[in-house]
Ligand code: P6P
């Protein structure tokens, strides 16, 4: 029997569709510490839930799932219906996947024990960040951090499983529901981006080895709060304007972060006299994006210290966030330091 070796066709009649997220995760599985497939499965569970959330955000205007839910979350923020739906979708996917023992969610006051006795992982998640933008059709996102539990598998969840610093993350990522839907994640070996093809129901590798430009000319901050900024920050913004940098602020963290990651830039949500700890949450917003920023060659601090070295004191604790191109974060930190010593 003659056997012919397969040679990939070079015909343009059937172009390659590329690497799916599933295949990429499998290919990279050996990069994971404790490579045993559970983290791969967990990433697939998150990707599945994001496909469902993507479908629901895209239909929000056509169904009754837009608008406010009628409750406020632990942050005192008005919950949107899609906040609640996204929280259900991700929590359900991680429960059924079996790899996660506990979830910290922006939408739940307390830690959720998923009752997965063999679950090795803890996930901190903002199921739908920027959801107030849904009704005006502006990009929104999901942000997630993944940790290994530190107490024995199968034993009751303990605080030390949950209150881990960001430098203990084994993976982190975000989903951007924008003009296209993308999933960007890291497992500590660089950052890769996947674009969703709805007609096939698959994420395809579209942005391999994402690297943050070392410098940039875009700054993202809500200057409406300018009067409550500290002098050093006001000085930095003056420097940006004198250099005619571009001010770009969408009001959706994942969208601003993603653009700055690709083009170079800095996103700032600072401490102010009205909100000394800023607005963004350490466990399920800052830590995840900080891991990605650093893995892409960028930087993330609270204006003074590395975000991922902050030891959490409370579940929903807030932190100021300076994140993006390394030289821009370094420069604003230097200016803040000078002004703080002058006080
Ligand atoms: P402000 C959305 O509520 C969010 O958490 C981020 O996505 C966004 O960057 C920020 O808050 C917007 O907050 O105070 O500027 O409206």
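The values are calculated or read from the model by the stated rules, or taken from the named source; none is laboratory data. Treat the numbers as computed from the prediction; the structure is a model and nothing was measured. When we count neighbours, we look across all protein chains shown, and the Cβ atoms used for this are built from the backbone with ideal geometry, even at glycine.
All conditions but one from (1) away from the ligand (no atom under 16 Å from the Cβ); (2) assigned to a strand (DSSP E or B) apply to residue 125; the one that does not is (1).
Report whether or not residue 85 is within 20 Å of residue 181 (Cβ to Cβ), away from the ligand (no atom under 16 Å from the Cβ) and surrounded by fewer than 22 Cβ atoms within 10 Å (Cβ to Cβ).
On the way: within 20 Å of residue 181 (Cβ to Cβ): yes; away from the ligand (no atom under 16 Å from the Cβ): yes; surrounded by fewer than 22 Cβ atoms within 10 Å (Cβ to Cβ): yes.
So residue 85 fits the description; yes.
Within the range 315-335, one or more residues are at pLDDT 95 or above, more than 15 Å from the ligand (Cβ to nearest atom) and within 27 Å of residue 159 (Cβ to Cβ). Within the range 231-258, the set of residues being buried (at least 17 other Cβ atoms within 10 Å of the Cβ) and more than 12 Å from the ligand (Cβ to nearest atom) comprises 232, 233, 236, 237, 240, 245. Can you find even one residue in the range 221-231 that is within 20 Å of the chain's Cα centre (by Cα) and farther than 29 Å from residue 171 by Cβ? The answer is yes; a qualifying residue exists. Whenever a residue of the range 124-137 is touching a residue at least 12 places away in the same chain (Cβ under 8 Å), its partners that are within 8 Å of the ligand (Cβ to nearest atom) and assigned to a helix (DSSP H, G or I), lying with C-beta atoms within less than 7 angstrom and at least six residues away or across chains, give the pairs 126/285; 129/253; 129/254; 129/285; 130/253; 130/254.
Does residue 221 meet the test of being in contact with a helix residue (DSSP H, G or I) (Cβ under 6 Å, 6 or more places away or on another chain) and within 14 Å of the ligand (Cβ to nearest atom)? Taking the combined requirement at face value, the residue does not satisfy it. Residue check: is residue 144 modelled with pLDDT of 95 or more, within 16 Å of the ligand (Cβ to nearest atom) and in a helix (DSSP H, G or I)? Criteria not met by residue 144. Counting the residues of the range 160-186 that are within 20 Å of residue 317 (Cα to Cα) and free of Cβ contacts under 8 Å to residues at least 60 places away in the same chain gives 2.
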